[in-house]
Structure formats: structure tokens, C-alpha cells
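Enquirer: Please see the structure below; I have some questions.
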């Protein structure tokens with residue numbers, strides 16, 4: 001059993017089954033919190049994928065909003081209501097949005113990459129705010145989706161969207177883990193450390209980085225699609241720099257060592273945000289900031305480094 | 001004999017500095033060619049032009065008869081030219097084995113999104129190469145923890161992963177203690193023994209050049225001053241005056 005769970009696919013499937021079972025016993029407010037954690041966690045997972053190649057996107061709000069708006073418009077204007085189809089469509093639209101910029105951004109590193117992505121997301125924000133047909137700064141609502149052709153009853157809507165978020169994030173987490181352990185995943189890590197060497201070994205660093213950007217965009221779009229379905233409302237704030245900043249916050253909190261840590265970090269953010277906004281309504285961002293400083297001080301490589309380090313020590317003993 | 005590598009009239013200037021001045025050379029397969037010259041003589045510029053890192057202002061480079069002048073480092077590597085660096089270019093936070101697996105992955109053509117980097121086949125190949133370089137005992141160690149000589153060997157081992165036709169070694173013994181230079185070169189030579197590879201190495205130590213080169217090319221002010229067997233080139237008066245500094 002232990003050996004079976006060491007395989008990322010079976011560990012992921014077991015984790016999903018556990019969370020689906022646990023969800024049936026959770027109160028509605030916590031289900032919503034978990035759904036949003038999973039949706040936002042997928043976006044942050046995309047940033048972690050970029051971080052492994054040595055770049056951080058400060059503009060994932062671009063694809064988060066892109067996926068969200070696409071899904072809301074497909075539901076409202078085209079009558080597409082299936083949640084699974086909409087989730088996939090959100091990812092595809094976001095990836096298509098990222099595609100024209102991928103080759104350009106793949107040439108930049110460090111702060112230049114971060115600022116360019118931030119600029120792109122703020123351009124979208126500006127366009128959304130000024131576009132009256134999309135609700136301007138107020139955004140617009142989206143009706144509740146269906147699942148596999150069935151309407152979702154009010155009493156079950158929270159759980160069904162939670163289950164969808166768990167399954168989608170679980171599948172993407174498994175795929176991300178497979179990718180991180182692949183030849184391309186290892187080369188991404190090498191690019192982070194020594195790009196010159198990778199080029200002299202015959203691999204194209206710009207192609208790897210461009211592919212990473214498009215994959216991260218797909219994840220951002222899927223996250224946006226799940227978030228809009230849970231919230232039932234979308235607005236330009238999805239693309240604002242503070243939203244992108246929260247995704248980066250989760251990525252730093254998680255580190256780039258563990259896929260699971262990204263979702264844990266996302267859940268921690270939602271918890272801290274919920275409770276601190278309830279108890280410190282005017283200073284909750286400060287609480288978040290202090291929390292991040294503590295994590296950076298004591299876990300500079302993120303919370304994922306705790307169990308990766310623990311695993312390494314265990315393997316060293318055996 | 002058809003040369004494996006040809007340079008024709010290479011010129012390269014950096015402002016007022018002439019780094020390559022009508023450099024023409026033919027390298028035949030199987031040769032072990034040492035490039036010598038004082039600092040700024042144009043050796044590294046020549047290596048950088050051969051590997052596509054620098055483009056010559058004028059002149060052409062042919063690899064097995066194919067014009068590669070306009071190609072970049074990646075394309076030239078894919079055509080079978082590998083190199084090591086004066087300062088080893090490694091992934092310092094990764095283990096020695098992972099560095100070898102990076103080299104294996106990079107040379108495999110299309111990088112797989114799902115095929116694991118740590119397959120049994122690749123692990124075995126990496127382990128075998130590490131053993132040839134005497135690095136197998138370090139395979140699990142982080143590169144950042146390794147001494148300079150071991151890093152140099154790893155740099156060369158990585159370059160050899162995909163059985164290149166031409167291997168360029170940029171000062172393989174620089175930064176290595178005098179006692180370690182010959183054992184290190186012996187290790188490299190033994191590791192190359194079974195490979196059908198042409199070697200060009202930049203070197204300042206004339207004892208190393210004498211022992212390990214089959215041909216010596218001496219550079220001075222961006223020009224080739226002398227080219228031939230070590231026992232001819234190293235006694236040349238101009239080479240002694242401008243390169244080795246042993247003229248009386």
C-alpha cells in the first residue's frame with residue numbers, strides 16, 4: 001500500500017477520494033473556502049511551474065480573468081452550461097491568449113519577465129474596466145452551471161462545485177507532478193540554474209520557457225473558470241495586480257518543491273484571509289504580510305521544502 | 001584527408017582589439033589539437049566562433065563540409081560539437097547525477113513532457129560515464145559541495161554524454177593544482193579512449209601540451225603564428241618569443 005501511494009498518480013487519486021469523502025461532512029462556508037483554494041491553487045501551480053524555470057509571473061491575473069470572462073460569456077451568450085466543458089474551455093482560451101506573447105516573454109528573465117507579465121494583465125484590466133458591454137468595473141453575473149447535462153440543486157451546489165474543483169485540481173496536480181519529473185521538467189530546473197549550459201547541451205531554453213508560459217496560462221484559465229463558477233460573478237478585479245500578487249504569495253509560501261504544498265498554501269491563504277478579514281477588517285493585508293515574512297524567515301524555500309527534506313532524510317536513512 | 005572542421009579567413013574585432021585576423025585552419029578527425037597563446041591571443045574567441053557563441057565579422061566555418069557560420073550554439077551542439085568551459089558551467093544546486101541526466105535529456109531531441117528523466121536506461125548510461133571519469137562516488141553529492149578538479153571533470157563528462165564528433169576543452173587544467181593536472185588529464189584521456197572524437201583544447205601549461213597534443217596551434221594577436229607537431233611548434237623562435245616566453 002505504502003509503495004502504491006508513493007506513485008504520484010495513485011497518491012493523487014487517493015487524495016482526491018479522501019477529499020471528496022471529507023467534503024460531504026464539511027459545512028457550506030468551508031466547502032466554498034476549499035473550492036476557492038483549489039481554484040486559486042491551480043493558478044499558483046502555474047506560477048510554480050514558471051518558478052522552476054527561474055521566472056515569476058506577476059501577471060497571472062491576465063489568464064485568470066481571461067479564463068473567467070470566457071466561461072461567463074460562453075454561459076451567458078452561447079448557452080454553454082456544462083461545468084466540465086466550461087472548465088476546459090477556460091483553460092484553452094487562456095492558453096490561446098498567452099500563445100502570441102509566449103515567444104517574446106521566453107526571451108526575458110528576472111524582473112523584466114515579471115514586469116512584462118504584470119503590464120499585460122494591467123492592459124487587460126484597463127480594457128475590461130472600460131468595456132461597458134462586459135459590465136465595466138462592476139462586471140456581470142453568471143448563472144449556475146450544469147454538470148453532465150444535469151441541473152445542480154441548490155442544496156448540492158456547494159458540494160458539486162467543490163467536487164469539481166477537487167477532481168480538476170487533482171488531475172492537474174498529477175499531470176504537473178509527472179511534468180516536473182519528466183526530462184523537460186528537469187531541464188526547466190537546469191535553465192533556472194545555468195541557461196548557458198543547457199543551450200550548449202543542445203536544448204532550446206526559449207522553447208522550454210515558452211511552453212511553460214502557455215501551460216501556466218492554461219492552468220490560470222482553468223482556475224479562473226472554477227472561481228467564476230463558484231462565485232457566480234466576475235469583474236475586472238480578476239485581472240488586477242493585487243489578484244496576481246496573491247497568486248505569487250501562494251507560490252512563494254509553497255516553494256517549488258512540492259505540488260501538494262501549493263494547494264496547502266492556497267488553503268492557508270484563504271483561511272488567513274477569511275479570519276483576519278473577520279477579526280481585523282481594516283488590517284488583514286498586514287496580517288498576510290506578517291505571515292509571509294515569518295514563512296520567508298523560517299522556511300525560505302517554502303512549506304513544500306519541509307516534507308521534501310523529511311523524505312530526503314528518510315531515504316538517506318534507509 | 002577531408003577535414004572534419006574548417007575555418008576560412010575568420011575575422012573578429014571588438015572595437016580596436018583584433019581578436020581574430022584571417023584565421024584559417026583545417027582539423028582532421030581524430031586529432032588532439034592544442035590551442036596555445038598568451039591571454040588575449042584569440043584562442044577563446046576562436047573556440048567561441050566555432051561553437052556559435054560569437055559570429056565572425058568575416059569568414060566561414062565548415063563542419064564536415066557544411067557551412068555552420070550562421071548557426072547558434074544549440075544547432076552546432078546538435079551537429080556534434082560539444083564543449084567544456086574554463087569555469088565549469090554546471091547546475092550547482094543539483095546532484096552530480098542530475099547534472100548528467102540534464103545532459104542526457106538535452107541531447108535527446110524533443111524534450112518529453114511526460115517521459116521520466118530518471119529512467120533506468122539513462123541512469124545506467126550516466127553511471128557508466130561517471131565511472132569512466134572516476135566520479136561515481138560523487139554521484140549523489142550536490143555540485144556546489146565539490147572541489148574544482150571534480151567540477152572540471154563533470155563539465156567534460158557532461159559534454160561527452162552524446163558522443164560528440166568534436167570536443168572543445170577550454171583550459172581543462174586551469175584552477176587545478178600542479179599535482180592534480182597530469183592525473184586529471186590522464187583521467188580525461190582514458191575516458192576519451194573508447195570515443196571516436198576529435199579534441200581541441202586550450203592550454204597554457206606546455207608540459208600538458210607536449211604530453212597530450214598531437215598537433216599544436218599557436219595564436220598571437222588574433223593570428224595563427226605556428227601550426228604543427230608539438231616538437232616543431234614549441235621550438236619555433238617566434239612561438240618561444242611571443243607565446244611560451246622561453247626565448248633567450
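The values are calculated or read from the model by the stated rules, or taken from the named source; none is laboratory data. Since the model is a prediction, treat every value here as computed from it, not as a measurement. Methodologically, a virtual Cβ is constructed for each residue, glycine included, from the backbone with ideal geometry; neighbour enumeration extends over all protein chains shown.
Enquirer: Which one is farthest from residue B:163 (Cα to Cα) among residues in segment B:95-109 that are more than 7 Å from chain A (Cβ to nearest Cβ) and either out of contact with any helix residue (DSSP H, G or I) (no Cβ under 9 Å at 6 or more places or on another chain) or touching a residue at least 40 places away in the same chain (Cβ under 8 Å) (or both)?
Expert: Here the residue is B:95.
Enquirer: Ok, one more. Let me confirm something: among A:254, A:217, which residue is more than 14 Å from every other protein chain (Cβ to nearest Cβ), modelled with pLDDT of 95 or more and crowded, with 24+ Cβ neighbours inside 10 Å?
Expert: A:217
Enquirer: Looking only at segment B:110-147, which residues are touching a strand residue (DSSP E or B) at 6+ places or on another chain (Cβ under 9 Å) and more than 13 Å from chain A (Cβ to nearest Cβ)?
Expert: B:138, B:139
Enquirer: Can you tell me which residue among A:8, A:27 is crowded, with 17+ Cβ neighbours inside 10 Å and at pLDDT below 95?
Expert: Within the list A:8, A:27, the selection yields A:8.
Enquirer: Here's a follow-up. Could you list, in sequence order, the residues of segment A:163-183 that are within 7 Å of chain B (Cβ to nearest Cβ) and either under 18 Å from the mean Cα position of the chain (by Cα) or in contact (Cβ under 8 Å) with a residue 12 or more places away in the chain (or both)?
Expert: A:178, A:179, A:181, listed by residue number.
Enquirer: Please verify whether segment A:145-158 includes one or more residues that are surrounded by fewer than 21 Cβ atoms within 10 Å (Cβ to Cβ) and at the interface with another protein chain (Cβ under 9 Å from one of its Cβ atoms).
Expert: Looking through segment A:145-158, none of the residues is surrounded by fewer than 21 Cβ atoms within 10 Å (Cβ to Cβ) and at the interface with another protein chain (Cβ under 9 Å from one of its Cβ atoms).
Enquirer: Within segment A:184-214, restricting attention to residues that are within 30 Å of residue A:33 (Cα to Cα) and surrounded by 24 or more Cβ atoms within 10 Å (Cβ to Cβ), which residue is nearest to the other protein chains (Cβ to nearest Cβ)?
Expert: Among those residues, the one meeting the criterion is A:212.
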